[in-house]
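Reviewing the structure listed below.
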Amino acid sequence: MQRVGILGGTFDPIHYGHLAIAEEARWAAGLTRVYLAPAAHQPLKHGRHAASAQQRMHMVRLACANNAAFVPSDFDLRRGSPSYTVDTLRTFQLMLGDAVELWFILGYDALMSLPQWFAAPQIIKLAKLAAIARPGIVLNMAVLEQQLPGVVAQTQIIDGPHLDISSTALRQRIAAHQPIRYQVPDAVLEYITREQLYLSS
C-alpha cells in the first residue's frame, strides 16, 4: 500500500521550514509523495492573508518545482469554503482510493490543538499523523490521548529539522525591508520581489 502525505497551511509565504517538514515526513514515514495544499481559509486562524490565494498557490508551485515527490494541490482554494481538515482528507481518500494510506503532516503545536479541531475523531480515523517536532514546544501525549482517545496509536513522532522560520516573521521582515534570502527558495523570493508582496502600504 502506498503512503501519501498531506501538508496544509496558509503558506503566506511558503518557506524552507515548510519544505523541510514535508521532506522529513516523506523520509521518516516512507511516503511516496507529499501534497502541499494551501488553505482558502483556516477556521482557527483569524485575520486576512497578506497575499491572495492565487499568489500563495503560485509560490507553492515554485517551491515544489525541484522535488518530484512534492505535489502542489489547489483543492482547498478551489473549494473556497473554510478549510476543515476532515473534508480535505475525505476528498483525498476518494480521489486516491483505498489502496493509498493517508498521512497528515503537522507540527507539535498543531497536534496539541487537534482535539479542538472540527471532527477531530474522524481525522484520526481517516489518516495517520506525522507529527514534526517544533522548536521550544514540549508534547504531552498522555494528556492528548485523554482529550482525543486513539490519537497515540495513529501518530508517528518525528524529530524534525528544527528550522525556526515563520511566515509571520518573514512578512514582518519584508515590510521592514530586511532580507529573507536563504529562508525561502530563490524562486519564491524572486516572485515576492517582483509582485512587491508584503510591503507596507
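Since every read-out is calculated from the coordinates, none of them should be taken as a lab result. Here the structure is a predicted model, which means the values were calculated and not measured. Cβ: placed from backbone, ideal geometry, glycine included. Neighbour counts: every protein chain shown.
Points to keep in mind about this one:
- Which of 126, 111 has the fewest Cβ neighbours within 10 Å, and the rest in rising order: 126, 111
- Leading residue at positive end of dipole, region 2-195 (Cβ point charges), from 52, 75, 130: 52
- FRET efficiency for the residue 1 to residue 147 pair, using the beta carbon distance and R₀ = 41 Å, is estimated at 0.90.
- Shown for region 2-195 is the translational diffusion coefficient from the Stokes-Einstein equation, using the Kirkwood radius over Cα pairs, a temperature of 20 °C and a viscosity of 1.002 mPa s: 126 µm²/s.
- Here the alpha carbons of region 92-187 define both size measures, Rg and Dmax, at 16.6, 49 Å.
- Ordering 85, 155, 91, 193 from the fewest to the most neighbouring beta carbons within 10 Å gives 193, 91, 155, 85.
- Long-range amide H partners of residue 101 with built H, under 5 Å: 2, 3, 4
- Cleavage-rule hits, chymotrypsin sites (Phe, Trp or Tyr not before Pro), region 89-185, DSSP coil, Cβ neighbours within 10 Å at most 14: 118, 182
- Total charge dipole magnitude, the chain, about the Cα centre, Cβ charges on Lys, Arg, Asp, Glu only, Debye to nearest 20: 340
- In a fully extended conformation the segment linking residue 67 and residue 100 would gain 9.8 nm over its present Cα-Cα distance, using 0.36 nm per residue.
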